[in-house]
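**Student:** Encoded as structure tokens, here's the structure I'll be asking about.
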Protein chains: 2
Amino acid sequence: MTDSTHLNCRERFLCACACKPVDRPPIWMMRQAGRSLPEYMKLKKGYKFTELVQNPELASEVTLQPIRRFGYDAAVVFSDILVIAEAMGQKYELMEQGGVKMDFELNSKADVDKLDPSRVLDHISYTPEAIKLTRKELGDERAIIGFAGSPWTLASFMVEGGSSRENLRSRAMLYNEPKLFYTLLEKITEATITYVKAQIEAGADVIQLFDSQGGTLAPNMFWKISGLWMQQIIDAIGGEVPVIVFARNVHHNWQEVVQTGANVLGIDWGIRLPDVCKAIPGDVAVQGNLDPALLIARPDAAAAETQRILEEMRGRNGFIFNLGHGVPPEADLDAIQAVAATVQNFK
Amino acid sequence: MTDSTHLNCRERFLCACACKPVDRPPIWMMRQAGRSLPEYMKLKKGYKFTELVQNPELASEVTLQPIRRFGYDAAVVFSDILVIAEAMGQKYELMEQGGVKMDFELNSKADVDKLDPSRVLDHISYTPEAIKLTRKELGDERAIIGFAGSPWTLASFMVEGGSSRENLRSRAMLYNEPKLFYTLLEKITEATITYVKAQIEAGADVIQLFDSQGGTLAPNMFWKISGLWMQQIIDAIGGEVPVIVFARNVHHNWQEVVQTGANVLGIDWGIRLPDVCKAIPGDVAVQGNLDPALLIARPDAAAAETQRILEEMRGRNGFIFNLGHGVPPEADLDAIQAVAATVQNFK
């Protein structure tokens, strides 16, 4: 048994993923790198978002910035779920005012046929490269998290041609043309398996799958449109590293999220963590679930809610502290610091 | 006991609200009037949205359009939740491209102090008037639904100054300045009580409270920020008419939604209706929960999912068919018709 009193950050993180005892919950934040940090905004001058992602040295530097400032237990590689779309032939750009614009929408079989999942690493080896560079800097002190979008969430962006308020078109397509939709999900799954394996080979300790659009599916569609394809990716990883599934707003059936094979469930802020823990097996860990709005609130309010969550999870092995969604770009650095310190000092 | 084989639309609707037997579930759709209908788009030429809302004759005509076309069991008065903000001194406009823009944001105590809930009916008697005119047309054949936003949902729009993607500022304000936030909620509640009572007096058979932003609250905040204030409104209605509470994405605690005193719970499409029914008392009805994306899908797909929901609710007294959210503006008329006919022909 690990001595839980002498863990470094990486060990603490991996113990929590495995539901083993830890000295205190590990912490990282979704979207911890990027626009919330002044050092990122400084570096970003003169580059497009995609240029930063595609340059391993710059991406690694951005990955390290929040670790230096806040001492998180894990670094999440700076990249984007849409690199998979790009690697299959559908380019995208992040708009300055927020949101994503893709080169085209998927409307027909011809559009889906154009996508090629077979040569992913010709296009996006930059993310595995960024992981290698980050590992050199961090050694074995911190965990490194690689990630990908869930096939459904990616398909949704690809069909809509970017961000959309309600992703109605992609849901209509799955009702109207299920076969075409399955072809699309298959291609994305194939590309994603290649991609996450390359991230693991490059040194990722953990993979997180972002099913940010999972909660927009009706309960009877979730497994066949989203869960099943995440399961295939997790099967292909084959236990080599733990996998976190963040299925946002999927509150209807924890069994189906567990059935993906996830080692850790990422939980949004719309549900109580202890309620989730009651509904899942004891060897599945949870991650979450602070309201991200607290990062633009007063630091003492952010610290108080952080403490509340830590207390309600006290004694449950397998808990990783995080937000219920990403760090808002307008987050206040003192509020972030207050949250991080509260977790890091928790006894 | 009512003879459930000889119900008109209004009786069917009211029986379902009261969990009494009916011949088939009643049907209406949130946002059934408006941009999805060509007759609305024709009428709308030359008027702003707010001009239609503020003219009782036009609002009543718009209210009646979907009844004529689809024969729904209930007409919902054409209005907007933001009329309460306007009546208290904060004007708004609906943008052509969708979304809401208010005259100003609430940033401070001074902004909240400016709001006056005491003379609501001087400003917004147009909605009760529209209900009276609609009653003249419909007689006792159809139910008429009046509505209001929940205090939290309205407060969120008022603090943000309109639509916002994540309503972070309003959530930060409730953590930062709870007293100021409670003052705001109190004022909205006072104005809303006056307003819904006037709707009932004008002939509304049912009141629906829209807590569309309810699911953006962390579970430990829901009751004190949203549920409690809806309870005050329902208490003030005092059982005169049934009340539907549509608390979108609030999946964490059905007891707290029931505790508002709602007679009917409106359910989004992210959860299974039978699961909700298991968690609530048998004398509370449910309403929902078709995925609105089916209205832009093929009519046969829309009909099939409608049938599936009808079957899973077969035998449960107290079920009103509806979407899980509003009719999308780009809805296909044939898909809407297929859904309506499937419910109307259900045996």
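The values are calculated or read from the model by the stated rules, or taken from the named source; none is laboratory data. What you see is a predicted model, and the numbers here were worked out from it, not measured in a lab. With ideal geometry, Cβ positions are generated from the backbone for all residues, glycine too; neighbour counts draw on all protein chains shown. Protein only, heavy atoms only, side chains kept; ligands, DNA and RNA dropped before computing areas. Shrake-Rupley method; radii C 1.70, N 1.55, O 1.52, S 1.80 Å.
**Student:** Within region B:226-233, does at least one residue satisfy the condition of being touching a helix residue (DSSP H, G or I) at 6+ places or on another chain (Cβ under 8 Å), among the small types (Gly, Ala, Ser), modelled with pLDDT of 95 or more and farther than 30 Å from residue A:167 by Cβ?
**Tutor:** Taking every residue of region B:226-233 in turn, none turns out to be touching a helix residue (DSSP H, G or I) at 6+ places or on another chain (Cβ under 8 Å), among the small types (Gly, Ala, Ser), modelled with pLDDT of 95 or more and farther than 30 Å from residue A:167 by Cβ.
**Student:** Just one of A:285, A:331 is within 14 Å of chain B (Cβ to nearest Cβ) and of a type in the set (Gly, Ala, Ser); which is it?
**Tutor:** None of the others qualify; the one that does is A:331.
**Student:** Are there any helices (runs of 4 or more DSSP H) wholly within region A:247-347 with 1 or more residues that are at pLDDT 95 or above, hydrophobic (A, V, I, L, M, F, W, C) and buried (at least 23 other Cβ atoms within 10 Å of the Cβ), and if so which?
**Tutor:** A:254-258, A:299-312, A:333-344
**Student:** Tally the residues that are touching a residue at least 12 places away in the same chain (Cβ under 8 Å) and open to solvent by 20 Å² or more (accessible area, probe 1.4 Å), restricting the search to region B:154-165.
**Tutor:** Residues that pass the stated criteria total 3.
**Student:** On to the next question. State all residues of region B:189-217 that are within 14 Å of another protein chain (Cβ to nearest Cβ), open to solvent by 10 Å² or more (accessible area, probe 1.4 Å) and not in a helix (DSSP H, G or I); if no residue qualifies, say none.
**Tutor:** B:212, B:213
**Student:** Hey, among the residues in region B:68-85 that are open to solvent by 10 Å² or more (accessible area, probe 1.4 Å) and touching a strand residue (DSSP E or B) at 6+ places or on another chain (Cβ under 6 Å), which one's nearest to residue B:164 (Cα to Cα)?
**Tutor:** By that ranking, first place goes to B:81.
**Student:** Still on this structure, please answer the following. Name, by its number, the condition in (1) part of a helix (DSSP H, G or I); (2) within 19 Å of residue A:92 (Cα to Cα) that does not hold for residue A:179.
**Tutor:** (2)
**Student:** Restricting to region A:297-311, and then to whatever is more than 9 Å from every other protein chain (Cβ to nearest Cβ) and within 24 Å of the chain's Cα centre (by Cα), can you tell me which residue is nearest to residue A:275 (Cα to Cα)?
**Tutor:** A:309
**Student:** Something else about it: In this structure, does residue A:163 turn out to be among the small types (Gly, Ala, Ser), within 14 Å of another protein chain (Cβ to nearest Cβ) and in contact with a Ser or Thr (Cβ under 6 Å, 6 or more places away or on another chain)?
**Tutor:** Criteria not met by residue A:163.
**Student:** Within region B:129-153, which residues are assigned to a helix (DSSP H, G or I), under 18 Å from the mean Cα position of the chain (by Cα) and either free of Cβ contacts under 8 Å to residues at least 40 places away in the same chain or more than 14 Å from chain A (Cβ to nearest Cβ) (or both)?
**Tutor:** Once the filter is applied, which keeps residues that are assigned to a helix (DSSP H, G or I), under 18 Å from the mean Cα position of the chain (by Cα) and either free of Cβ contacts under 8 Å to residues at least 40 places away in the same chain or more than 14 Å from chain A (Cβ to nearest Cβ) (or both), region B:129-153 yields B:130, B:131, B:134, B:151, B:153.
**Student:** Out of curiosity, is residue A:156 within 12 Å of chain B (Cβ to nearest Cβ) and either under 26 Å from residue B:312 (Cα atoms) or not in a helix (DSSP H, G or I) (or both)?
**Tutor:** no
**Student:** Take residue A:240 and decide whether it is among the acidic types (Asp, Glu), assigned to a helix (DSSP H, G or I) and open to solvent by 10 Å² or more (accessible area, probe 1.4 Å).
**Tutor:** Judged against the criteria, residue A:240 is not a match.
**Student:** Ok, one more. Going by the structure shown, is residue A:180 free of Cβ contacts under 8 Å to residues at least 24 places away in the same chain and either open to solvent by 10 Å² or more (accessible area, probe 1.4 Å) or away from chain B (no Cβ under 14 Å) (or both)?
**Tutor:** no
**Student:** What are the pairs with Cβ atoms under 6 angstrom where one residue, in region A:232-258, is within 16 Å of residue A:217 (Cα to Cα) and away from chain B (no Cβ under 14 Å) and the other, located anywhere, is open to solvent by 10 Å² or more (accessible area, probe 1.4 Å) and at pLDDT 95 or above? Sequence gap at least six, or different chains.
**Tutor:** Filtered contacts from region A:232-258: A:246/A:210.
**Student:** Also, quick follow-up: Please determine, by comparing only the residues of region A:1-50 that are in a helix (DSSP H, G or I) and acidic (Asp, Glu), which one is farthest from residue A:320 (Cα to Cα).
**Tutor:** So the residue we want is A:39.
**Student:** Oh, and also: Which of the residues belonging to region A:21-42 are open to solvent by 40 Å² or more (accessible area, probe 1.4 Å) and out of contact with any Ser or Thr (no Cβ under 6 Å at 6 or more places or on another chain)?
**Tutor:** A:31, A:35, A:38, A:39, A:41, A:42, listed by residue number.
**Student:** Scan region B:253-264 and give yes if some residue there is closer than 24 Å to residue B:294 by Cα and either of a type outside the set (A, V, I, L, M) or touching a strand residue (DSSP E or B) at 6+ places or on another chain (Cβ under 7 Å) (or both), otherwise no.
**Tutor:** So far as region B:253-264 goes, yes, one or more of its residues are closer than 24 Å to residue B:294 by Cα and either of a type outside the set (A, V, I, L, M) or touching a strand residue (DSSP E or B) at 6+ places or on another chain (Cβ under 7 Å) (or both).
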